[in-house]
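The values are calculated or read from the model by the stated rules, or taken from the named source; none is laboratory data. All of these numbers come straight from a predicted model, not from anything done at the bench. Neighbour counts are summed over all protein chains in view; Cβ atoms, including those assigned to glycine, are modelled from backbone coordinates with ideal geometry. Ligands, DNA and RNA are excluded from the accessible area calculation, which covers all protein heavy atoms including side chains. Shrake-Rupley method; radii C 1.70, N 1.55, O 1.52, S 1.80 Å.
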Amino acid sequence: MKHFVVMTGLTVLLTSTALAETSAKRIALSNNYAGNSWRQAMLQSWETITKPAVEAGIVAAADAFTTAENQATEQAAQIQNMILEGYDAIVVNAASPTALNGAVKEACDAGITVVSFDGIVTEPCAWRIAVDFKQMGKDQLTYLAEKLPEGGKLLEIRGLAGVFVDDEISAGIHEGVAENPQFEIVGSVHGDWAQDVAQKAVAGILPSLPEDIVGVVTQGGDGYGAAQAFAAAGRDMPLIIMGNRQDELAWWKEQKDANGYETMSVSIAPGVSTLAFWVAQQILDGQDVPKELVVPFLRIDQDGLEASLETTPAGGVANVEYSLEDAQAVIAAAK
Amino acid sequence: MTSLRTLFAKPWIWSFLAAAGVWLVTIVFTGGASAAGLSQAALTFAAFSIIVGIGQMFVITLGPGNVDLSIPATMTLAGTVALKIMDSSNGLILMGLLVTLLIGLAIGIINYALIKLLRIPPIIATLSSSFIIQSAAISYNRGLRIKPPSALAEFTTATTLGIPNLAYLALAVSVAAWVALEKGIYGRWVSAVGQNMRAARMAGVPVDGVRAATYLLCAVLAALAGLLLSCFSGGAALNMGAEYLLTSIAVVVIGGTAVAGGFANVPGIWGASLFLFLVVSMLNTYGAAAGIRLLLTGTIIIAVIIAASRRPRT
């Protein structure tokens with residue numbers, strides 16, 4: 001018993017020294033884009049988690065900044081401003097994996113901790129919380145192979161041409177198809193991760209596609225648009241993989257209630273910004289954090305649909321916010 | 001023979017030839033089976049480009065330096081606000097239309113005020129106002145996706161006699177624009193201002209009034225297209241107008257309107273809008289990789305513009 005009390009006392013002591021070490025530290029979020037629901041949710045999560053953290057004195061400040069034009073040069077200038085303003089850590093969702101390296105190196109040289117997430121930077125001095133996009137593509141085929149063991153023809157909706165994320169997810173999908181040769185991709189369009197662009201692109205290619213499309217593999221933000229295009233063309237609804245957007249989930253629920261429609265939905269929670277926040281806090285705290293970390297996927301299956309839909313705001317994205325413990329678990333897993 | 005020659009002298013003919021060619025090549029892929037489906041899809045999606053393209057056409061016709069870059073933001077704001085105000089209720093559709101109109105008018109006034117009163121070049125003025133408009137849309141409801149009223153959703157997605165309703169609407173807008181341009185005094189004034197602003201002023205054309213009216217018209221058409229697009233695709237999104245920035249300019253130029261201003265062309269907007277949709281569909285159908293697709297799109301557009309701008313010597 002006495003032993004236990006001593007232990008608890010020690011833990012409290014340790015925790016409070018941990019608090020003391022970062023309570024004067026200031027963290028900035030450098031964000032390159034805010035013009036879609038995912039990024040809006042990302043910024044909101046940042047506020048939800050960092051505000052109480054600042055009030056509790058865990059850190060001195062956690063300010064979010066977004067550039068207007070989604071340009072790497074503009075974001076580089078923003079990071080240079082943050083260096084001048086004397087932040088202790090910069091959490092960055094980067095416009096480009098390489099174009100910010102100069103500014104990031106300057107920050108590192110000034111003794112600033114740089115943590116990149118989602119849109120990561122390749123500069124070795126920064127930490128990376130990366131998404132395994134390839135796996136995200138591959139998982140779709142694993143699910144399809146389970147659901148449709150006899151295979152069939154697939155339509156692929158890609159993201160924004162020329163962006164690294166698009167190449168990675170698509171590579172994963174094609175790897176999955178190679179491993180499950182009963183599937184064949186008969187058409188591929190670019191949906192730019194936007195419902196209206198995806199709807200337009202799918203409507204354009206559908207008339208030329210065979211009638212027996214069994215599935216649509218996607219990258220997120222495009223599933224509802226694809227469904228609209230299939231419905232408008234009067235076609236049988238294939239199995240469309242969703243990307244956790246509320247409109248996609250709401251449509252899935254409608255179909256599920258009407259005809260037992262089954263699919264799955266996978267994406268990255270916008271709350272990954274909060275994971276990056278805690279990782280930055282841990283690094284400032286002097287913890288040993290590996291440079292390469294991996295973000296867990298947020299996957300919704302048939303059973304979890306109602307629960308996820310309920311917690312997802314209309315127009316938003318299914319989300320989870322990460323706690324200090326979650327961040328410590330991710331760090332521990334990477335060691 | 002002479003009638004054929006006069007036909008080929010029309011600047012708009014090339015965009016139609018290009019659209020027809022691409023359409024043929026695409027349906028050959030399926031042995032003609034996709035003809036009806038593809039035509040319907042093309043008319044539907046071209047309708048949006050036509051409506052914003054006509055607004056942009058009048059602005060570009062005002063002369064060098066005139067262009068409206070606030071079209072995407074205007075579409076987003078109009079779609080977002082109108083859908084929130086209508087709140088999925090059929091009874092509030094008139095209200096929604098009115099709000100759309102007011103948003104268009106307000107943005108047009110702001111744009112022209114920046115250009116005229118602050119003497120900012122139109123490119124910079126409309127670009128900076130688009131940031132303000134986009135921010136207004138974001139802060140208004142942070143990308144909330146509200147379903148359109150069922151009657152409007154039904155109207156924008158349905159067809160009448162096999163032709164999409166949106167195409168009829170685009171046709172009505174085009175006919176009105178054509179009459180204003182070719183038969184009305186407004187069109188003459190716009191062309192006169194575009195050809196030589198000083199000469200137009202001396203000839204008694206109310207130059208400022210014409211320019212203001214044109215920026216207003218462009219913003220109102222963009223707002224209308226935003227409302228239609230958000231009803232068509234089941235809700236407004238913050239990034240929904242983005243691709244219409246370049247599209248609105250491209251359809252004007254491919255359609256045979258002079259980039260330097262002074263000469264507008266309504267029929268060409270149709271050919272160009274259909275062409276831009278069909279060329280992407282064609283390259284998707286034949287499974288071209290993204291790089292090749294963009295390369296070919298660019299090459300074809302350049303070819304059409306060169307063909308269209310070769311004015312016959314008379």
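Per-structure values
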{"read-out": "Any hit, the stretch A:260-267, residues being free of Cβ contacts under 8 Å to residues at least 60 places away in the same chain and within 14 Å of another protein chain (Cβ to nearest Cβ)", "value": "no"}
{"read-out": "Residue match in the stretch B:33-42 (condition: farther than 17 Å from B:I107 by Cβ, within 11 Å of chain A (Cβ to nearest Cβ) and assigned to a loop (DSSP other than H, G, I, E, B))", "value": "yes"}
{"read-out": "Those helices (runs of 4 or more DSSP H) lying entirely in the stretch A:27-113 with at least 1 residues touching a Leu at 6+ places or on another chain (Cβ under 8 Å) and modelled with pLDDT of 90 or more", "value": "A:37-55, A:72-85"}
{"read-out": "Flag if B:A158 is surrounded by fewer than 19 Cβ atoms within 10 Å (Cβ to Cβ), within 12 Å of chain A (Cβ to nearest Cβ) and closer than 21 Å to A:G234 by Cα", "value": "yes"}
{"read-out": "Restricting the stretch A:93-109 to residues that are of a type in the set (A, V, I, L, M, F, W, C) and within 20 Å of A:D288 (Cα to Cα), the residue that is most open to solvent (accessible area, probe 1.4 Å)", "value": "A:C108"}
{"read-out": "Any helices (runs of 4 or more DSSP H) falling wholly within the stretch B:168-260 and containing at least 3 residues that are more than 24 Å from B:G65 (Cβ to Cβ)", "value": "B:207-232"}
{"read-out": "Which numbered condition A:G234 misses (of (1) assigned by TED's automatic domain parsing to the domain that holds A:A171; (2) closer than 28 Å to A:I120 by Cβ; (3) without any contact (Cβ under 8 Å) to a residue 60 or more places away in the chain)", "value": "(2)"}
{"read-out": "Residue, nearest to B:A153 (Cα to Cα), within the stretch B:227-248, restricted to residues that are away from every other protein chain (no Cβ under 12 Å) and surrounded by 22 or more Cβ atoms within 10 Å (Cβ to Cβ)", "value": "B:L227"}
{"read-out": "Search result, residues across the stretch A:164-202 that are open to solvent by 10 Å² or more (accessible area, probe 1.4 Å), more than 10 Å from chain B (Cβ to nearest Cβ) and either part of a loop (DSSP other than H, G, I, E, B) or small (G, A, S) (or both)", "value": "A:A171, A:A178, A:N180, A:P181, A:Q182"}
{"read-out": "Some residue of the stretch B:212-226 being within 14 Å of another protein chain (Cβ to nearest Cβ), in contact (Cβ under 8 Å) with a residue 40 or more places away in the chain and surrounded by 22 or more Cβ atoms within 10 Å (Cβ to Cβ)", "value": "yes"}
{"read-out": "Candidates A:V197, A:V165, A:V114, A:V202 - the one that is assigned by TED's automatic domain parsing to the domain that holds A:G221 and without any contact (Cβ under 8 Å) to a residue 40 or more places away in the chain", "value": "A:V197"}
{"read-out": "Residues of the stretch B:249-290 that turn out to be within 14 Å of chain A (Cβ to nearest Cβ) and either under 26 Å from B:G63 (Cβ atoms) or of a type in the set (A, V, I, L, M, F, W, C) (or both), as a count", "value": "13"}
{"read-out": "All positions within the stretch A:208-228 that are assigned to a helix (DSSP H, G or I) and surrounded by fewer than 24 Cβ atoms within 10 Å (Cβ to Cβ)", "value": "A:S208, A:Q228"}
{"read-out": "Residue satisfying condition, being within 30 Å of B:V210 (Cβ to Cβ), open to solvent by less than 20 Å² (accessible area, probe 1.4 Å) and within 13 Å of chain A (Cβ to nearest Cβ), within set B:I115, B:I133", "value": "B:I133"}
{"read-out": "Failed item in (1) open to solvent by 50 Å² or more (accessible area, probe 1.4 Å); (2) at pLDDT 85 or above, with B:G291 passing the rest", "value": "(2)"}
{"read-out": "First in the stretch A:75-86 and farther than 17 Å from A:G119 by Cβ and assigned by TED's automatic domain parsing to the domain that holds A:Y33, second anywhere and aromatic (F, W, Y) and open to solvent by 30 Å² or more (accessible area, probe 1.4 Å), Cβ under 9 Å, 6 or more apart", "value": "A:N81/A:F65"}
{"read-out": "Given (1) open to solvent by less than 50 Å² (accessible area, probe 1.4 Å); (2) free of Cβ contacts under 8 Å to residues at least 60 places away in the same chain, index of the condition A:T122 fails", "value": "(1)"}
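So that you can scan it fast, the table gives a plain yes or no per residue for (1) among the charged types (D, E, K, R); (2) surrounded by fewer than 18 Cβ atoms within 10 Å (Cβ to Cβ); (3) under 30 Å from B:A113 (Cβ atoms):
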| site | (1), (2), (3) |
| --- | --- |
| B:S15 | no, no, no |
| B:A18 | no, no, no |
| B:G55 | no, no, yes |
| B:G65 | no, yes, yes |
| B:I71 | no, no, yes |
| B:G79 | no, no, yes |
| B:K84 | yes, yes, yes |
